[in-house]
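Enquirer: Let me begin by handing over the structure; questions about it come next.
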Amino acid sequence: YKMSHKELAEFIIEQTSDALIYADNHGNIQRWNDAASQLFGFSKDEALGQSLDIIIPERARKAHWHGFNIAIQNGNLRLSGKPTLTKALHKDIDKRLYVEMSFSLIKDNDGHVQGSVAIARDVTNSKK
């Protein structure tokens, strides 16, 4: 049995140890892997279709959405995929969470931005 590229892509997304979150151009979560559930505390059912605001601290939202919308419109990222350290929200609101995140824009074959993917890993313990 040889798995298809589509199957392989699914396995990679689901089994990678880093959290993978894909949001459409409106900032609504369309993909949320198992590692994202473990990191942020929200199940797939809780996260899918929700705004990215569920993991963005309130005081960071204005800046996040400003940058997000510019990136979607311009088709390029200010950080060019370099990781950034940031605070994030966990389902358990009392849990302090620091994550290292890197972002990529996802474009179709014609170069039109379809959304954005974030890869995140927990760095809370090394931050303390």
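Enquirer: Restricting to region 29-41, name every residue that is under 13 Å from the mean Cα position of the chain (by Cα), of a type outside the set (Lys, Arg) and surrounded by 16 or more Cβ atoms within 10 Å (Cβ to Cβ). Explain how you work it out, then say what you get.
Expert: Restricting attention to region 29-41, the residues satisfying the condition of being under 13 Å from the mean Cα position of the chain (by Cα) are 29-37, 39-40.
This time we only want the ones that are of a type outside the set (Lys, Arg), so: 29-30, 32-37, 39-40.
Result: Ile29, Trp32, Asn33, Asp34, Ala35, Ala36, Ser37, Leu39, Phe40.
Enquirer: May I ask you to list pairs of residues, at least six apart or on different chains, whose Cβ atoms are under 7 Å apart, with the first in region 37-66 being at positive phi and in contact (Cβ under 8 Å) with a residue 40 or more places away in the chain and the second being outside any helix (DSSP H, G or I) and open to solvent by 40 Å² or more (accessible area, probe 1.4 Å)?
Expert: Correct list of pairs: Gly41/Lys91; Gly41/Asp92.
Enquirer: Quick one: what pairs do we get from region 9-31, first residue without any contact (Cβ under 8 Å) to a residue 12 or more places away in the chain, second assigned to a loop (DSSP other than H, G, I, E, B) and open to solvent by less than 80 Å² (accessible area, probe 1.4 Å), C-beta under 8 Å, 6+ apart or different chains?
Expert: Note: pairs meeting the criteria are Phe11/Met3.
Enquirer: Kindly indicate whether Ser80 is in contact with a Ser or Thr (Cβ under 8 Å, 6 or more places away or on another chain) and free of Cβ contacts under 8 Å to residues at least 24 places away in the same chain.
Expert: Details: in contact with a Ser or Thr (Cβ under 8 Å, 6 or more places away or on another chain): no; free of Cβ contacts under 8 Å to residues at least 24 places away in the same chain: yes.
The answer is no for Ser80.
Enquirer: Does region 108-122 include one or more residues that are over 24 Å from Ala9 (Cβ atoms), within 14 Å of the chain's Cα centre (by Cα), open to solvent by less than 50 Å² (accessible area, probe 1.4 Å) and not aromatic (Phe, Trp, Tyr)?
Expert: No: region 108-122 contains no residue that is over 24 Å from Ala9 (Cβ atoms), within 14 Å of the chain's Cα centre (by Cα), open to solvent by less than 50 Å² (accessible area, probe 1.4 Å) and not aromatic (Phe, Trp, Tyr).
The values are calculated or read from the model by the stated rules, or taken from the named source; none is laboratory data. Fair warning: this is a prediction, and the values are worked out from it, not measured in the lab. Every residue, glycine as well, gets a Cβ built from its backbone with ideal geometry; the counts of neighbours run over all protein chains shown. Note: accessible area is taken over every heavy atom of the protein model, side chains too, but ligands, DNA and RNA are not part of it. Shrake-Rupley method; radii C 1.70, N 1.55, O 1.52, S 1.80 Å.
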